[in-house]
Amino acid sequence: MRGGPALPLLLALAASSAAMADSDTDALKLADTTPEETARASNWRFFGEPAVGLVSVRGADGGEVDTRRLSLGVQGETSQWHSLRASFADRWDIQGPPSAFGQRHANINTLKEGYLSWQAGSDWSADLGRINVLHGVALGYNPTDYFRAGAIRSIVSVDPASLKENRLGSAMARGQMLWNGGSVSAMFSPKLAVHDNNASFSPDWGATNFQNRGLIALAQRIGEDVNLGALLFDDGSHPPQLGLNTIALLNDSTVAFLEWSGGSGPTQEMQALGSEQKDRFHQRFSTGASYTTSGNVSLTFEYEYDGAALNRSGLDTLLHQSPQAYGQYFLYTANAQELPGRQAVFFYAGWNDAFVQHLDLSGFARYNLVDHSHLQWAEARYHLNRVDLAIQWQTDCGDSTSEFGAAPQSSVWQILLRYFY
């Protein structure tokens, strides 16, 4: 992906920007939705993306299924008027058959963002509406991305950047103050509905605003090479969670990062099964480093840990006691975007202008250290002036009771063309 998050120097910039500027602005810059930089006369961007693919399906029927998809998207903001501006982002995915990525519905609209901003001064701002708030410096697993649970309505790619960009924002009020090298923001997201709504054009408030939630985020640059961030998150039903983000430039080609979240709360098994919830301290973190070669190849390694997830013995016990509860646990962790196993590793590689100019190669591998299943994904994308042409490949491996071995598909090939207008 052009300008993708695997480039460590851009990772440092993205982390700093996410902490010190509006997170929605950073979302606009995610590589999978931004065309090659050209002069633009408009604040609005539209795209159409037809895609065809081939999915190898698991199960009794097995075999291969031809898939088709058409995605339409819009994203942009109005010009400022009396210190006010409006931002909007929406995506409509028409997929067939619906089982291509294990989804039940073939026609899904995702209202990603829609909010009003007030620029009270050069250092003060306030926002009101649906906002896709992104936090975290890791690539594969973000324990401080506190508004991620339930936010994914339609999956068009398992690339982490795509999952973060193509999701529902949360309805909230947010205020932010900036200073030289730092920022502080506070946001409140109210409870609007209890249950999610899978109807094609539902705003699905129950998926993102199922409880009252508040977040305070503080960020500060330390010198030229270190960015620190601290977050305090409260959902009203459990003790507050503390989050920390650190990213440091070790040398001209290497960036190290640590993302940590800790606090008391129930285990994921308790939440998934609706059993009696007892709070105890759990920590989650992702840590690793990114390295860029002189040939524009970037490599990122990430170790991931979730103390509220089950270990090997816990998974075996749950499977033995109730296969239905076992499946419910994996469905819960997928929806919450948490690790189902306590430990995992993630490797991401990217090469911009590979072999020829405008051709970008990228891919990642995720390995579950608990059940030993693994997922691989790769993409080749060629950029023209207004068109991206890409081919993607994905494979899910493991035994039938593992995280990736239980996926409805064993492999996916997809060819897509994205036209920007």
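Looking at (1) touching a Ser or Thr at 6+ places or on another chain (Cβ under 9 Å); (2) of a type outside the set (S, T, N, Q); (3) closer than 20 Å to PHE147 by Cβ; (4) exposed (fewer than 14 other Cβ atoms within 10 Å of the Cβ), which is the only condition LEU242 fails?
(4)
Okay, residues lined up against (1) part of a loop (DSSP other than H, G, I, E, B); (2) more than 30 Å from GLN394 (Cα to Cα); (3) not hydrophobic (A, V, I, L, M, F, W, C):
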{"site": "ARG85", "(1), (2), (3)": "no, yes, yes"}
{"site": "ARG91", "(1), (2), (3)": "no, no, yes"}
{"site": "ILE108", "(1), (2), (3)": "no, no, no"}
{"site": "SER122", "(1), (2), (3)": "yes, yes, yes"}
{"site": "ASP127", "(1), (2), (3)": "no, yes, yes"}
{"site": "ASN142", "(1), (2), (3)": "yes, no, yes"}
{"site": "ALA171", "(1), (2), (3)": "no, yes, no"}
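I'd like the residue in segment 57-72 that is touching a residue at least 60 places away in the same chain (Cβ under 8 Å) and under 16 Å from ILE415 (Cβ atoms) and, out of all such residues, is nearest to the chain's Cα centre (by Cα).
Taking segment 57-72 and keeping what is touching a residue at least 60 places away in the same chain (Cβ under 8 Å), we get 57-59, 67, 69, 71.
Within this subset, residues satisfying the condition of being under 16 Å from ILE415 (Cβ atoms) are 67, 69, 71.
Values: THR67: 24, ARG69: 21, SER71: 18 Å.
For segment 57-72, the residue satisfying everything is SER71.
Answer with yes or no whether PHE347 is closer than 28 Å to GLN376 by Cβ and touching a strand residue (DSSP E or B) at 6+ places or on another chain (Cβ under 9 Å).
On the way: closer than 28 Å to GLN376 by Cβ: yes; touching a strand residue (DSSP E or B) at 6+ places or on another chain (Cβ under 9 Å): yes.
It is true that PHE347 is closer than 28 Å to GLN376 by Cβ and touching a strand residue (DSSP E or B) at 6+ places or on another chain (Cβ under 9 Å).
Have a look at SER261, SER275, SER298 and point out the one that is under 30 Å from PHE188 (Cα atoms) and crowded, with 22+ Cβ neighbours inside 10 Å.
Values: SER275 fails: crowded, with 22+ Cβ neighbours inside 10 Å; SER298 fails: under 30 Å from PHE188 (Cα atoms).
Result: SER261 is the single residue among SER261, SER275, SER298 that is under 30 Å from PHE188 (Cα atoms) and crowded, with 22+ Cβ neighbours inside 10 Å.
Of these, SER183, SER162, which one is within 26 Å of TRP377 (Cβ to Cβ), outside any loop (DSSP other than H, G, I, E, B) and either touching a residue at least 24 places away in the same chain (Cβ under 8 Å) or over 11 Å from the mean Cα position of the chain (by Cα) (or both)? Write out each step before concluding.
Values: SER183 fails: within 26 Å of TRP377 (Cβ to Cβ).
After applying the criteria, what remains is SER162.
Quick check on my filter: what residues within segment 377-402 are more than 30 Å from ASP353 (Cα to Cα) and in contact with an Asp or Glu (Cβ under 6 Å, 6 or more places away or on another chain)?
SER402
From the set of residues in segment 63-77 that are modelled with pLDDT under 95 and either at positive phi or of a type in the set (Ser, Thr, Tyr) (or both), which is surrounded by the fewest Cβ atoms within 10 Å (Cβ to Cβ)?
Residue satisfying both the conditions and the ranking: GLY63.
Report, ordered by the first and then the second residue, all pairs with beta carbons closer than 7 Å, sequence separation of six or more or different chains, a first member in segment 298-318 that is closer than 26 Å to GLY136 by Cβ, and a second member that is at pLDDT below 95 and of a type in the set (A, V, I, L, M, F, W, C).
Short answer, once both residue conditions are applied: SER298/ALA6; SER298/LEU7; THR300/ALA6.
Let's see how each residue does on (1) on the phi > 0 side of the Ramachandran plot; (2) not in a loop (DSSP other than H, G, I, E, B); (3) not basic (Lys, Arg):
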| site | (1), (2), (3) |
| --- | --- |
| LYS191 | no, no, no |
| PHE201 | no, no, yes |
| ALA207 | no, yes, yes |
| GLN211 | no, no, yes |
| ARG221 | no, yes, no |
| ALA230 | no, yes, yes |
| GLY243 | no, yes, yes |
| LEU250 | no, yes, yes |
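Got a sec? Which of THR34, THR110 is of a type in the set (Val, Ile, Thr) and either at pLDDT 95 or above or buried (at least 21 other Cβ atoms within 10 Å of the Cβ) (or both)? Don't jump to the end; show me each part of the working.
Numbers: THR34 fails: either at pLDDT 95 or above or buried (at least 21 other Cβ atoms within 10 Å of the Cβ) (or both).
That would be THR110, the only listed residue that is of a type in the set (Val, Ile, Thr) and either at pLDDT 95 or above or buried (at least 21 other Cβ atoms within 10 Å of the Cβ) (or both).
The values are calculated or read from the model by the stated rules, or taken from the named source; none is laboratory data. Please read these numbers as outputs of a predicted model, since none were measured by experiment. For neighbour counting, all protein chains shown are included, and Cβ atoms are generated from backbone atoms with ideal geometry for every residue, glycine included.
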